[in-house]
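To start, the structure under review is shown below, and the notes come after it.
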Amino acid sequence: MGIDRYGTAARGVLAYGEEALLVEFADVAAVMSLRASLRHEPVRGVEEVVPAARTLLLRLAPDADIDRITEQLRSRELAAYEPGIGAVVEISVTYDGADLTDVAELTGLSTAAIVDAHTDSELSVAFCGFAPGFGYLVGLPESLHVPRRSEPRTKVPAGAVGLAGEFTGVYPRESPGGWQLIGRTDVTLWDADRDPPALLRPGTRVRFRQT
Amino acid sequence: MIEVIAPGPLATVQDLGRPGYAELGVGRSGAADLLSHRLGNRLVGNAEHAATVEVTFGGLRIRVRADLLIAVTGAPAPVFVQSVQYGGNAPLRVPAGVELRLGTPQAGLRSYLAVRGGIACEPVLGSRSTDLLSGLGPAPLRAGDTLAVGEDSDAAPIVDVAPVPGYQDEPVLRIRPGPRRDWFTPEAWAMLLDSPYTVTPDGNRIGVRLSGPPLGRAVQAELPSEPLVLGAIQVPANGQPLVFLADHPVTGGYPVIGVVCRADVGRAAQLRPGQRVRFAASPDAGR
């Protein structure tokens, strides 16, 4: 994932109402590259940057020059994907999730091999969403890419560690959810009284460890 | 100090919300009809960041424990002090000890009770707004709650009454194309602009659900979750549009066909179940 691949990454810049633009890429790594690039070299008139799976939302100032910003976004060379910022956040996990055997069946891996692959992965937060502090982590090997559960659960406990598609993540609080649950952690992902409130934010590097 | 006797169907504390946390998965929230909320603050001489009470479909009853200057804006609910009726959009002095009650609004859905000094409660991430989706901010008001009055006031108010436009039976909301307009058939965009849609009963601060001619898709692919903005018109699989309001999620997995212009989002927040609404392309948005 270097300059060669993302320097000229194909992207679309889409109008999003009066005061936003959406930049679309073919994969999440390019989204993360543009986000990192915009942090290093902000574009005048862009007030907020919100990443997602294939897109990056730019919320614009009321007086922003949309044509100029669009042009800058189309032509910006993206530096090598910088996987993360700061120290690696280690999250201790007990791998006893309710879907571990289903994941073993879907991947053809033993549960021990699933744990090894999960704890060996150098992960980083691509984006947050769904609930405050829920980080979508990328960096899993393809062998751990599994579909969501066909029947989402109405209640997933706080701290549940799950897999869905190219992502893995931890539920910050009890909520409904459709991810395949492989384990649980005691780590507090979100605390509004803490500064910063979220343990994980876009760019944060993460490593899971078996307890 | 204010004592809540009854909150009505839903009453929450709201201010301008908590912008800037979307990348952590936290939406802005804040008053659903920002213009009405701001007007209330101006009428009682409050600072811009002061919190008001957003009252959904009237029914709020409070007892005031100190002399207060208040104003009710937004959906025109009759204001009763003891049994005397007053109008909205004007500052009103309420003496300590009396009961104040909001009747059912004749039009609109959300009224704002502004109190000189603002509602004081502990801010979360810089805002006192209740975000019903993320669960941040104070809980919705319940009978028996007491609300402290803050000190978020500026100069004494000088306005006697503020003229506000009336509520239309079938409002027209201006929209601009959303990022996925081309995921829909050309007929879908025309349909959205030509047909009235009816507000369903299951709306809330997250969004207004509409029912009408389904909007057909040209692209059937599944959309990876992408960021949402206030006023985004998202179209789930059933083709029935949904307009996102203050407590909208930060990302969503259905295509956004258009976006209600910022100036008209407050009017979307005032739509009542059963009411009809139309959309018009914002002048420079084309058809």
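The values are calculated or read from the model by the stated rules, or taken from the named source; none is laboratory data. Nothing here was measured: the structure is a model prediction, and the numbers come from that model. Counting neighbours? That spans all protein chains shown, and the Cβs are built from the backbone with ideal geometry, glycine included. Ligands, DNA and RNA are stripped out before the accessible areas are found, and what is left, the full protein with its side chains, is counted by its heavy atoms. Shrake-Rupley method; radii C 1.70, N 1.55, O 1.52, S 1.80 Å.
Using +1 on the beta carbon of Lys and Arg, -1 on that of Asp and Glu, and nothing else charged, what's the dipole of the protein assembly as shown about the Cα centre, debye to 20? Don't skip to the end; give the middle numbers.
Values: 47 positive and 56 negative charges, 220 e Å.
Roughly 1060 debye, rounded to the nearest 20.
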Worksheet item: Taking amide hydrogens as modeled 1.01 Å from N in the peptide plane, which residues meet the under 5 Å criterion relative to B:Arg174, leaving out close sequence neighbours?
Response: B:Cys261, B:Ala280
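When only Cα pairs under 8 Å and 6 or more residues apart are kept, what is the percent relative contact order across region B:109-153? Before the final figure, lay out the partial values.
On the way: 45 pairs, mean separation 21.9, N = 45.
Reported as a whole number, the value is 49 percent.
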Fill in: For A:Arg11, net neighbour charge (Lys/Arg +1, Asp/Glu -1) across residues whose Cβ lies under 12 Å away
0
Practice prompt. Only loop residues by DSSP count here, and only those with at most 15 other Cβ atoms within 10 Å; note down the GluC sites (Glu not before Pro) in region B:1-74 that meet that.
Written response: B:Glu48
Response to the item:
Counting Lys and Arg as +1 and Asp and Glu as -1 over every other residue whose Cβ sits under 15 Å from the Cβ of B:Val235, the net charge comes to 0
Worksheet item: Of all DSSP beta bridges in region B:172-281, what percent run antiparallel (nearest 5)?
Response: 80 percent
Practice prompt. Using a 10 Å Cβ count of at most 11 others and DSSP loop calls, identify the longest part of chain A lacking such trypsin sites (Lys or Arg not before Pro).
Written response: A:45-193
Practice prompt. Of the options A:Val88, B:Ala237, B:Ala221, report the single residue whose Cα projects farthest towards the positive end of the charge dipole of the protein assembly as shown (beta-carbon charges: Lys, Arg +1; Asp, Glu -1).
Written response: B:Ala237
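What is the dipole size for chain A, taken about its Cα centre, with +1 at each Lys and Arg Cβ and -1 at each Asp and Glu Cβ, in debye to the nearest 20?
Numbers: 21 positive and 30 negative charges, 17 e Å.
The dipole of chain A has a size of about 80 debye.
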Worksheet item: Once label points are set 7 Å from the Cα along Cα→Cβ at both B:Glu170 and A:Asp116, what is their separation, rounded to one decimal in nm?
Response: 6.8 nm
Worksheet item: When the Karplus curve 6.51 cos²θ - 1.76 cosθ + 1.60 is applied with θ = phi - 60°, which whole-Hz ³J(HN,Hα) does each residue of region A:105-121 get, with x for Gly and Pro?
Response: 5, 5, 9, x, 9, 6, 4, 5, 5, 5, 4, 4, 5, 5, 7, 7, 6
Fill in: 15 Å beta-carbon shell around B:Arg276, net charge (K/R +1, D/E -1)
+1
Worksheet item: Taking only C-alpha pairs under 8 Å that are 6+ residues apart, what is the relative contact order of chain A in percent?
Response: 22 percent
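Quick check on the protein assembly as shown: of the DSSP beta bridges with both residues there, what percent are antiparallel, nearest 5%?
Numbers: 89 of 99 bridges.
Of those bridges, close to 90 percent are antiparallel.
Using alpha carbon coordinates only, what is the Rg to Rh ratio of chain B, with Rh defined as the Kirkwood radius? List each step's numbers first, then the result.
Numbers: Rg = 19.5 Å, Rh = 19.4 Å.
Ratio of gyration radius to Kirkwood radius: 1.00.
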Worksheet item: How big is the B/A interface in buried accessible area, both sides summed, 1.4 Å probe, to the nearest 100 Å²?
Response: 2500 Å²
Worksheet item: Which angle from 0 to 90°, rounded to the nearest 10, does the C-alpha axis of helix B:34-43 make with the longest principal axis of chain B?
Response: 20 degrees
Item to complete: Please name whichever of A:Ser175, A:Gly135, A:Val146 sits farthest to the positive end of the charge dipole of region A:111-194, dipole taken about the Cα centre and charges placed at Cβ: Lys and Arg +1, Asp and Glu -1.
Response: A:Ser175
Item to complete: List the pair-distance distribution P(r) of region A:5-79, using every Cα-Cα distance, as the percent of pairs falling in each 10 Å bin from 0 up to the bin containing the longest distance, rounded to whole percents.
Response: 21, 61, 17, 0
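With each run of n ≥ 4 DSSP H residues scored as -39500 (n - 2.57), what mean residue ellipticity at 222 nm is computed for the protein assembly as shown after dividing by its residue count and rounding to the nearest 500 deg cm²/dmol?
Numbers: 8 runs with 72 residues, N = 498.
About -4000 deg cm²/dmol.
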Discussion item. How large is log10 of I(q)/I(0) for chain A at q = 0.09, 0.14 Å⁻¹ when the intensity is taken from the Debye formula with one equal scatterer per alpha-carbon?
Written reply: -0.38, -0.87
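Mind checking the alpha-carbon convex hull of region A:87-177 and giving the volume per residue in Å³? Kindly include the intermediate steps, with their values, before the conclusion.
Details: hull volume 8.8 nm³, N = 91.
Each residue corresponds to 97 Å³ of Cα convex hull volume.
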